[in-house]
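Accompanying notes for the structure given below.
The values are calculated or read from the model by the stated rules, or taken from the named source; none is laboratory data. Predicted model only: the values in this text are computed from it and were never measured. Quick reminder, even Gly has a Cβ in these numbers, built from the backbone with ideal geometry, and neighbours come from all protein chains shown. Side chains included, ligands, DNA and RNA excluded: accessible areas come from the protein's heavy atoms. Shrake-Rupley method; radii C 1.70, N 1.55, O 1.52, S 1.80 Å.
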Amino acid sequence: MPESYGGKSPRRLAAVAAIFVILAILAPVALGGTPAPGDAQPKYRDVRTALEAIYLVKSEFYKPVSVSKLISAYFARGTVSGMLESLGDPYTRYMSPKDFQALRDDSAGVFGGIGILVGIRNKNITIITPIENTPGMRAGLMPGDHIVEIDGVSTEGMALDRAVSMMRGEPGTRVVLVIERGPQNQRFTVDIIRDIINSPSTRGYMLDKSTGIGYIELRTFSQKAGQEMEAEIQRLRTLGMKGLILDLRYNGGGLVSQAVEVASKFIPPGPVMHVQGRDQKKKTLETVGKRVVDFPVVVLVNEYTASASEILAGALQDNRVATVVGTPTFGKGLVQTLYPLSDGSGLAVTTQIYLTAGERAITPETPITPDHIVEMPDPEDLPEVKNETPQEPVTAEDLLRLDPERDLQLRRAIEILSREIEATESRKAA
């Protein structure tokens, strides 16, 4: 998620001043008095922040917005968060100073908490994936789980950043989640002790040395994703890699700039993606740096492959440098820009939609569709697929770490890549 900063131009100051005049005129009528001290959710106490938010949304939101509508929403709901709900966009949201710092820490790849990546799916706080060797994975949290309560507080209507902030805390402290899982919406409570989470972007190894198949799982697009990806590619190349399986399953995205940087390792010089604002004008983001991959690639995706990872998968697919295997992706083609506010809080504003290198929109209706669609078994069926008697509940590790013989998507990727490596070697020999 890119950050955007800038000074206050005279035009911006004039616009803010004009909005302030409107609020000053209307506020006495709308407020009807001062909230009592100690209110659980004090209203109308963040007028200055509301002014900044109104200006930013008016000038930057990817769709035209009426200032009067924003002002009316603020008066009706009394908070910046409530005002932003009137936009109908769950990704444009206000963050308290604590939440804003937490999001920045997340992008840096090191943070304290329970070790899960979350997103919004069907208005639910949904686990995209637990991070390997973290309290969240050890507690048995799984991709697709809905978090319905955090420490006794319902997550219904809760902003994603607020949920993330509540799950973070000092190492050694406790957080209690109520989880909803599966088609039967089974609910259960999970008690987790927080820890320091160090989240590397990649995990790679040689999957099959005899055929030269390497494997890299790209987990998130944190600030070092491009750097770590190139280092992992070069390391596996020294071990004899002739083809690569790039696993983007359960990758919930991250920094768009890193999606561009990672894609640049794979595709020829040219467009990686396009961004389009409310004026319908397109801006093209080109490759950066040097391409380092000149061998066959297969990309794995699924329904939790989202945002920046969809940009990457789309760029490789559109440039025909990789074969995509799995199931259709999440479909989140919206770009958020982070704006710091004067009180230390922040605003995430959906400023643009993004298109793939070939100018395909990425939406829930038009996600990235694999070249080879391969379904995975439902979690409830996994013990039978593994041909084992289940001794305990199926965990996220079961889903993420199936051996190649039982991971149907990975097995298909190996079959395809083996043929492509053989064909490449034959051409070289000829």
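Could you tell me which numbered condition Gly344 fails, if it satisfies all but one of (1) at pLDDT 85 or above; (2) in a helix (DSSP H, G or I); (3) open to solvent by less than 50 Å² (accessible area, probe 1.4 Å)?
Condition not satisfied by Gly344: (2).
Per-residue answers, yes or no, for (1) touching a strand residue (DSSP E or B) at 6+ places or on another chain (Cβ under 7 Å); (2) over 28 Å from Glu415 (Cα atoms):
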| residue | (1), (2) |
| --- | --- |
| Leu248 | yes, no |
| Val256 | yes, yes |
| Phe266 | yes, no |
| Lys283 | yes, yes |
| Thr287 | yes, yes |
| Lys290 | no, yes |
| Asp294 | no, no |
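May I ask you to list the residues in the range 82-93 that are open to solvent by 10 Å² or more (accessible area, probe 1.4 Å) and either modelled with pLDDT of 90 or more or over 25 Å from the mean Cα position of the chain (by Cα) (or both)?
Matches in the range 82-93: Glu85, Ser86, Leu87.
In the range 286-305, how many are open to solvent by 70 Å² or more (accessible area, probe 1.4 Å) and of a type in the set (S, T, N, Q)?
0
In the range 411-430, what residues are touching a strand residue (DSSP E or B) at 6+ places or on another chain (Cβ under 7 Å) and of a type in the set (A, V, I, L, M)?
Of everything in the range 411-430, those that are touching a strand residue (DSSP E or B) at 6+ places or on another chain (Cβ under 7 Å) and of a type in the set (A, V, I, L, M) turn out to be Ala413, Ile414, Ile416, Leu417, Ile421.
Consider Val374 against the criteria (1) within 24 Å of Glu261 (Cβ to Cβ); (2) in contact with a helix residue (DSSP H, G or I) (Cβ under 6 Å, 6 or more places away or on another chain); (3) open to solvent by 10 Å² or more (accessible area, probe 1.4 Å): it satisfies all of them except one. Which criterion is unmet?
Among (1) within 24 Å of Glu261 (Cβ to Cβ); (2) in contact with a helix residue (DSSP H, G or I) (Cβ under 6 Å, 6 or more places away or on another chain); (3) open to solvent by 10 Å² or more (accessible area, probe 1.4 Å), the lone unmet condition for Val374 is (1).
Can you tell me which residues in the range 156-184 are under 24 Å from the mean Cα position of the chain (by Cα), at positive phi and open to solvent by 50 Å² or more (accessible area, probe 1.4 Å)?
Correct list: Gly157 only.
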